[in-house]
Every structure is written in structure tokens, then in C-alpha cells.
Amino acid sequence: MSEQPAPTDRARQQLEPATADAVRAYAARTRETADQLAAVLEDIAANGLPAVEDCTPWEELREAHLARLTAQRSAVA
């Protein structure tokens, strides 16, 4: 994607300042996550896959994530 603003040949609806701030914050979080993923992939490319003993089974990761989602849902309700 480009850092250039989109062409302004048509009128664009401006966002409220709070909404624009929220969109910028979301973009920053998304960029940070993408950078972390890129770093992991670069490490794998440079050093190969980690040893199986050093990895967490996907089932454990799934259960931990589901537990976090359940806790969030309870907190919202």
C-alpha cells in the first residue's frame, strides 16, 4: 500500500476526530502485528523451523485463545 493520500477527484466524507483516531490506532495495531509476523517468518527463513520440543501444540494454543475469548465475553456481559 502507498503512503500517498487517495486522489481527491470526488468529495470524500470526513470522519469525526474520535473516529479518525480510532482508525489510526487500529492501523497501528495491525501494522505492529504484521511486523511481528514478518519477524517470525524471517527468523524461520534464516534459521529453519524450531525443534518440535520447543513448540506449543496448536490444541493448547486454541484452548488458551478460547478461554481468553470466554473471559472477554463474560466481562462484556
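The values are calculated or read from the model by the stated rules, or taken from the named source; none is laboratory data. All figures in this text were calculated on a predicted structure; none of them were measured in a lab. So basically every Cβ, Gly included, is an ideal-geometry build from the backbone, and we count neighbours across all protein chains shown. Heavy atoms of the whole protein, side chains included, go into the accessibility calculation; ligands, DNA and RNA do not. Shrake-Rupley method; radii C 1.70, N 1.55, O 1.52, S 1.80 Å.
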message: Rounded to the nearest percent, how much of the accessible area of the chain (1.4 Å probe, protein heavy atoms only) is carbon and sulfur?
response: 58
task: Would you please give the FRET efficiency between VAL40 and SER74, computed as 1/(1 + (r/R0)^6) with r the Cβ-Cβ distance and R0 = 22 Å, to the nearest 0.05?
output: 0.10
Exposed trypsin sites (Lys or Arg not before Pro) absent - longest run of the chain, DSSP non-H/G/I/E/B, at most 11 other C-beta within 10 Å: 13-77
query: Given a 1.4 Å probe, how much area per residue of the chain is accessible, in Å²?
result: 98
